[in-house]
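Notes for the one structure printed next.
The values are calculated or read from the model by the stated rules, or taken from the named source; none is laboratory data. Everything numeric here is computed off the predicted structure, so don't read it as measured data. Reconstructed Cβ throughout: ideal geometry from the backbone, glycine too, with neighbour counts over all protein chains shown.
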Amino acid sequence: MIRADGLTKDYGLHRAVDGVSFSIERGEIVGLLGPNGSGKTTIMRMLTGFFAPTAGSCSIAGHDVRAEPREIRRRIGYLPERVALYPDMSVRAYLSFVARIHEVRTSVSAAVDETMESCGLSEMASRDIGKLSRGYKQRVGIAQAVIHRPDVLILDEPTVGLDPRQIVEIRDLIRKLAGHSTVLLSTHILPEVSITCRRVLILDHGKLVAEDTAEALAAKTYGGGETLVRLHGPETDVVAALGALDAVSEVKVLDCAPDGVLSIAVKSDAGADPKPSIAGAVVGKGWALHEIGARQTSLEDLFVQILEEAEQAGTPGGSAT
Amino acid sequence: MTRFLALLGKELRSLFGAPLVYFVGAVFLALSGYYFYTDLNAFITFGFGESIFEHLWQRLYNDIVRVVITVIPLVTMRVYSEEKNLGTIELLYTAPLRDIEILAAKYLACLSVFFVLLGSTALYPWMIYRIQPYDLSQLYAVYLGLFLLVGAMVAIGVFISSLTETQLIAAMFTYGAVLLLWNLSWNEAAVPDDLLGLISQLCAYDHFEPFSRGVIDLKDIAYFLSITTLMGFLTMRSMESRQWRGRR
């Protein structure tokens, strides 16, 4: 559905995006992840035909962005990073305008009503956009992007600047709307990606440094993952006892709660499951075991590690795909 | 066509839906009414029995152009600057619109303000005609000249607005540009003789002056239309600059 080949963009002497290639299949939800200034917005603007790449090409549904920019824009719904809203228009007037410039084939008012319904904006229809809360403005931005039923939805930082409750609402909305479309969303917030997306493209300094599913990425980087143990016992003894176990390679105390419960991360050899032996050891010593289970590697750790690896290798982007 | 009408409707709504254009219109009508009153007084006192065209209308419409020049920047300043500042230009650039459709809608919306304002100045010759009929044919030439002049000056304002996201900067530069264009040859003594021909060719006043005498010359029509076209071309290039500037 979306293909990028060696996508490159220069702003004067500064290379903002450098030879990025990827492809996204129909119906996928893909996250574009990277720190601020890593080229996410630039890539999205090239995909939407806002401007053309300096080198390389990208296409959507087989249409080349440079050759047929308007064909592309017809198929895309785009939520820019700074949501493009006219503050003195009402929600309904604004959405009708967007529907008309996108040449919505069926009745404009039906499309507007339907979109307001699905984005939870019906009660706000006649309110001026400038008077809406941030969360509602973001909804109007998303409504604007989906009103013409695009094949591809491109969302630039859809939850930035929202409060936690609004973030959950917007995520739910994106997942609900994703059923119709292929979605590419960008974020610099890691949990965002793991919650919403199945596949992640990681960018740094304009280069693609990794591309994989969130799960496979974790597995690839950490082998067997870590085990989290919460128990009540004397810290030094516990660390010594767990460290002595066969499958365990490293024991790290994460936290000691005021009531004396220790949180411990146990790293094990690849492929081995140390949980039964840990449980056996703890119970054998008579310590109270509160919890034992797989410790989900946070995407934050993962991200930092990938960027470090890329830097150590000296060729950022070398590990792409 | 639906797309274009939607764009035009949006531009008209944002112009006429905001208070600015009404204040601008009120000041324009007050000033042009004042000029009409004083020019008519002068005609009655000093020019009675002379040609009404030469001694009243020619003066009045030169005065009205001066008011038009102060008003144009206030109408054109926001067309691009505001959208760049709000970020809404990105909505237009990523919708299936041609750049020329966006430009044409903005240009025509601004022009429509002056259709209303200049149209209402037709009240003055009409009132005099009601009292004492006279030959109107020369006035048609004046209005043709006025609309060509305003068309060119609005195009300059629209172009300058496309260069900045700050409305006041757009307004100031537009005012400077249109005033200079109008006054370019005002002091013939200050210009070397061999340049005078060129400068008066470039000066808007020298091309409007025949219209205000009731003379329609193809060369003057061509002058205003070329400025309009050139500005349209430059605005298109300015819109395209997002390709290499990477900014709105």
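Scan the stretch A:256-284 for residues that are under 15 Å from A:ALA241 (Cβ atoms), aliphatic (A, V, I, L, M) and not in a helix (DSSP H, G or I) and report the count.
Residues meeting the conditions: 3.
Scan the stretch B:49-98 for residues that are within 14 Å of chain A (Cβ to nearest Cβ) and among the acidic types (Asp, Glu) and jot them down.
Answer for the stretch B:49-98, where residues must be within 14 Å of chain A (Cβ to nearest Cβ) and among the acidic types (Asp, Glu): B:GLU82, B:GLU83, B:GLU90.
Looking at A:GLU81, is it in contact with a strand residue (DSSP E or B) (Cβ under 8 Å, 6 or more places away or on another chain), assigned to a helix (DSSP H, G or I) and among the acidic types (Asp, Glu)?
no
Scan the stretch A:282-295 and report the pairs whose first residue is at pLDDT below 90 and whose second residue is among the acidic types (Asp, Glu), with Cβ atoms within less than 7 Å and a gap of 6+ or a chain change.
A:ARG295/A:GLU226
For A:GLN138, all conditions in the list (1) outside any loop (DSSP other than H, G, I, E, B); (2) away from every other protein chain (no Cβ under 13 Å); (3) touching a residue at least 40 places away in the same chain (Cβ under 8 Å); (4) surrounded by fewer than 17 Cβ atoms within 10 Å (Cβ to Cβ) hold save one; what is the number of the exception?
(4)
Of the residues in the stretch B:184-218, how many are assigned to a helix (DSSP H, G or I) and under 18 Å from the mean Cα position of the chain (by Cα)?
Qualifying residue count, the stretch B:184-218: 10.
Suppose the filter is more than 9 Å from every other protein chain (Cβ to nearest Cβ), over 30 Å from the mean Cα position of the chain (by Cα) and modelled with pLDDT of 90 or more; does A:ASP113 pass it?
Here the answer is no, as A:ASP113 does not meet what is asked.
Looking at A:ARG105, A:ARG74 in this structure, which one is surrounded by fewer than 21 Cβ atoms within 10 Å (Cβ to Cβ), more than 8 Å from chain B (Cβ to nearest Cβ) and over 22 Å from A:VAL17 (Cβ atoms)?
Testing whether each residue is surrounded by fewer than 21 Cβ atoms within 10 Å (Cβ to Cβ), more than 8 Å from chain B (Cβ to nearest Cβ) and over 22 Å from A:VAL17 (Cβ atoms) leaves just A:ARG105.
Does B:ILE221 fit the bill of being assigned to a helix (DSSP H, G or I) and either of a type outside the set (Gly, Ala, Ser) or in contact (Cβ under 8 Å) with a residue 24 or more places away in the chain (or both)?
Yes.
Against the definition (assigned to a helix (DSSP H, G or I), over 15 Å from the mean Cα position of the chain (by Cα) and within 14 Å of chain A (Cβ to nearest Cβ)), how does B:GLN243 come out, yes or no?
Numbers: assigned to a helix (DSSP H, G or I): yes; over 15 Å from the mean Cα position of the chain (by Cα): yes; within 14 Å of chain A (Cβ to nearest Cβ): yes.
Answer is yes for this residue.
For the stretch A:156-182, enumerate the residues that are among the hydrophobic types (A, V, I, L, M, F, W, C) and either farther than 28 Å from A:SER109 by Cα or in contact with a helix residue (DSSP H, G or I) (Cβ under 7 Å, 6 or more places away or on another chain) (or both).
A:VAL160, A:LEU162, A:ILE167, A:VAL168, A:ILE170, A:LEU173, A:ILE174, A:LEU177
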